[in-house]
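The values are calculated or read from the model by the stated rules, or taken from the named source; none is laboratory data. None of these values were measured; they are calculated from a predicted model. Here the Cβ positions follow ideal geometry from the backbone for every residue, glycine too, while neighbour counts run over all protein chains shown.
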Amino acid sequence: MEGQILITTSGLNEEFEIIDSIFALDSSSAGLFFGADPNAAFDKVKEQLRRKCKQLGGDAVINCQFEYRVAVADGLLGSKQVIEIFAYGTAVRLN
């Protein structure tokens, strides 16, 4: 299960093998009755990291860095706020 893959901003206190660096980007935009949700964007970008790690045969993504930006996009009824979250980290396999 991808939810079992650890996402951490630190290292690990156990032996591991580095697989590769991975990157993810996701966003949340304002809707008609709600604003952009940074928590939703954060959860989606972490899920992308988990999925990429699993595809590489990894068990965890360590030393993750998260950055964000707030942008404005054209919408059907005018401009709307968009929150983009960028993330990268190191996919590892536990020994």
Considering only segment 83-95, state which residues are within 12 Å of residue 20 (Cα to Cα) and either in contact with a Ser or Thr (Cβ under 8 Å, 6 or more places away or on another chain) or surrounded by fewer than 18 Cβ atoms within 10 Å (Cβ to Cβ) (or both).
88, 89, 90, 91, 93
Out of all the residues in segment 41-55, is one or more more than 25 Å from residue 4 (Cβ to Cβ), surrounded by fewer than 16 Cβ atoms within 10 Å (Cβ to Cβ) and either in contact with an Asp or Glu (Cβ under 6 Å, 6 or more places away or on another chain) or of a type outside the set (D, E, K, R) (or both)?
no
Could you grab the pairs with beta carbons closer than 6 Å, sequence gap of 6+ or different chains, first residue in segment 33-57 and under 24 Å from residue 78 (Cα atoms), second one exposed (fewer than 15 other Cβ atoms within 10 Å of the Cβ) and not β-branched (Val, Ile, Thr)?
36/81
So which residues in segment 36-76 are of a type in the set (Val, Ile, Thr) and in contact with a helix residue (DSSP H, G or I) (Cβ under 8 Å, 6 or more places away or on another chain)?
61
Is it fair to say residue 21 is in contact with a Gly (Cβ under 8 Å, 6 or more places away or on another chain), on the phi < 0 side of the Ramachandran plot and either exposed (fewer than 12 other Cβ atoms within 10 Å of the Cβ) or hydroxyl-bearing (Ser, Thr, Tyr) (or both)?
yes
Please verify whether segment 65-82 includes one or more residues that are at pLDDT 95 or above and surrounded by fewer than 14 Cβ atoms within 10 Å (Cβ to Cβ).
yes
Of all residues in segment 11-36 being at pLDDT below 95 and hydroxyl-bearing (Ser, Thr, Tyr), the one that is farthest from residue 63 (Cα to Cα):
29
